[in-house]
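Undergrad: Before I ask anything, let me first share the structure, which is written out below as structure tokens.
The values are calculated or read from the model by the stated rules, or taken from the named source; none is laboratory data. What you see is a predicted model, and the numbers here were worked out from it, not measured in a lab. Note: ideal-geometry Cβ built from the backbone for every residue, glycine included; neighbour counts use all protein chains shown.
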Amino acid sequence: MALPTLSAPEFITAVPSTGEEIKYRPFLVKEEKILLMALEGNDQDEITNAILKILGNCIISDIDINTLATFDVEYLFLKLRGKSVGEVIELKVGHSNPDNACTHRTEIDINIDAIEVVGEISDGKIQIDDNIGVKVRFAGMTDIKQIDTDSTSDLFKLISNCIEFVYDDENVYGDFTVKEMEKWLEQLSSEQFSKITTFFNESPKLQHKVAWKCPECGKEDELILEGLAAFFT
């Protein structure tokens, strides 16, 4: 006789970049195993792949995980973690001021519901000059893991991948290869190219400010945590 099937509760949240509501379930032991194995390997690509796989398994709504912005993925994974393990994250933080001789690490609790995506979520349209503009999407984890962020050529590739179309007063141009877009970007002035890089540099982030009083030295301190990794340190 087959074992009985267990049902999992369903929850609703919104994708930060679009506001679209999605349904998801908590991750199960099989998904937790995927994450723990990736964390044990301490390989960033494996951890990224694990997060994407777990989201893909647990999000019930029809949505392409690979098209989500990085901050979408981080936010949704935190929500998922909250419903699966617990809504309070326990961290140990040290003083933010390097001049402080106190090395004590203070234990603090962070409620996942208090962690937000901070920054302007624009429509991605950037006016290059009076006539020509580009439509850019936010970079996703799949885009980031394929590049070396310290490489200029990889930066061009990332931006080229994220440009959806070019437009002017009369036409929309969306039929181009990544190489063709890279060559087009090379024709921009530094000022024009800076408008595009600013979009990526100022993309929204998962962020939360914590404040505490050190029980060892008695000094008050605060720290801004950014990105998913900061909440699991």
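Undergrad: Going through region 181-212 one residue at a time, which ones are without any contact (Cβ under 8 Å) to a residue 24 or more places away in the chain and not acidic (Asp, Glu)?
TA: Matches in region 181-212: 181, 183, 184, 187, 189, 190, 193, 194, 198, 201, 209, 211.
Here is a yes/no grid of residues against (1) under 30 Å from residue 219 (Cβ atoms); (2) touching a strand residue (DSSP E or B) at 6+ places or on another chain (Cβ under 6 Å); (3) surrounded by 14 or more Cβ atoms within 10 Å (Cβ to Cβ):
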site: 141; (1), (2), (3): no, no, yes
site: 146; (1), (2), (3): no, no, no
site: 177; (1), (2), (3): no, no, no
site: 185; (1), (2), (3): no, no, yes
site: 208; (1), (2), (3): yes, yes, yes
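Undergrad: A further question follows. If a residue has to be part of a loop (DSSP other than H, G, I, E, B) and surrounded by 11 or more Cβ atoms within 10 Å (Cβ to Cβ) to count, how many in region 98-122 make the cut? Full working, then the answer.
TA: Of region 98-122, the ones part of a loop (DSSP other than H, G, I, E, B) are 98-105, 115, 119-122.
With the extra rule that they be surrounded by 11 or more Cβ atoms within 10 Å (Cβ to Cβ), the set shrinks to 100, 102, 104-105, 115, 119, 121-122.
The number of residues fulfilling the criteria is 8.
Undergrad: Can I ask one more? Could we say that residue 156 is surrounded by 15 or more Cβ atoms within 10 Å (Cβ to Cβ), modelled with pLDDT under 90 and under 18 Å from residue 203 (Cα atoms) here? Spell out the reasoning first.
TA: Working: surrounded by 15 or more Cβ atoms within 10 Å (Cβ to Cβ): yes; modelled with pLDDT under 90: yes; under 18 Å from residue 203 (Cα atoms): yes.
Answer is yes for this residue.
Undergrad: Specify which of the listed residues (54, 22) is within 23 Å of residue 204 (Cβ to Cβ) and not in a helix (DSSP H, G or I).
TA: On the way: 54 fails: not in a helix (DSSP H, G or I).
Matching residue, one of 54, 22: 22.
Undergrad: Any residue in region 123-143 that is outside any loop (DSSP other than H, G, I, E, B), closer than 21 Å to residue 195 by Cβ and among the basic types (Lys, Arg)? Before the answer, list the steps.
TA: Keep residues of region 123-143 that are outside any loop (DSSP other than H, G, I, E, B), which gives 125-127, 133-136, 141-143.
Filter once more, keeping what is closer than 21 Å to residue 195 by Cβ: 125-127, 133-136, 143.
This time we only want the ones that are among the basic types (Lys, Arg), so: 125, 135.
Scanning region 123-143 turns up at least one residue that is outside any loop (DSSP other than H, G, I, E, B), closer than 21 Å to residue 195 by Cβ and among the basic types (Lys, Arg).
Undergrad: Moving to a separate point now. For the condition exposed (fewer than 14 other Cβ atoms within 10 Å of the Cβ), more than 21 Å from residue 55 (Cβ to Cβ), among the acidic types (Asp, Glu) and outside the structural domain of residue 33 (by TED's automatic domain parsing), what is the one hit in 170, 90?
TA: Details: 90 fails: outside the structural domain of residue 33 (by TED's automatic domain parsing).
Residue meeting the stated conditions: 170.
Undergrad: Now a separate question. Here is a list: 72, 109. Which entry is touching a Ser or Thr at 6+ places or on another chain (Cβ under 8 Å), at pLDDT 90 or above, of a type in the set (Asp, Glu) and assigned by TED's automatic domain parsing to the domain that holds residue 18? Break it down into steps so the answer makes sense when it comes.
TA: Working: 109 fails: touching a Ser or Thr at 6+ places or on another chain (Cβ under 8 Å).
Exactly one of 72, 109 is touching a Ser or Thr at 6+ places or on another chain (Cβ under 8 Å), at pLDDT 90 or above, of a type in the set (Asp, Glu) and assigned by TED's automatic domain parsing to the domain that holds residue 18, namely 72.
Undergrad: For the condition at pLDDT below 95 and not assigned by TED's automatic domain parsing to the domain that holds residue 106, what is the one hit in 221, 175? If you could, list the steps in order and put the result at the bottom.
TA: Working: 221 fails: not assigned by TED's automatic domain parsing to the domain that holds residue 106.
Unique residue meeting the criteria: 175.
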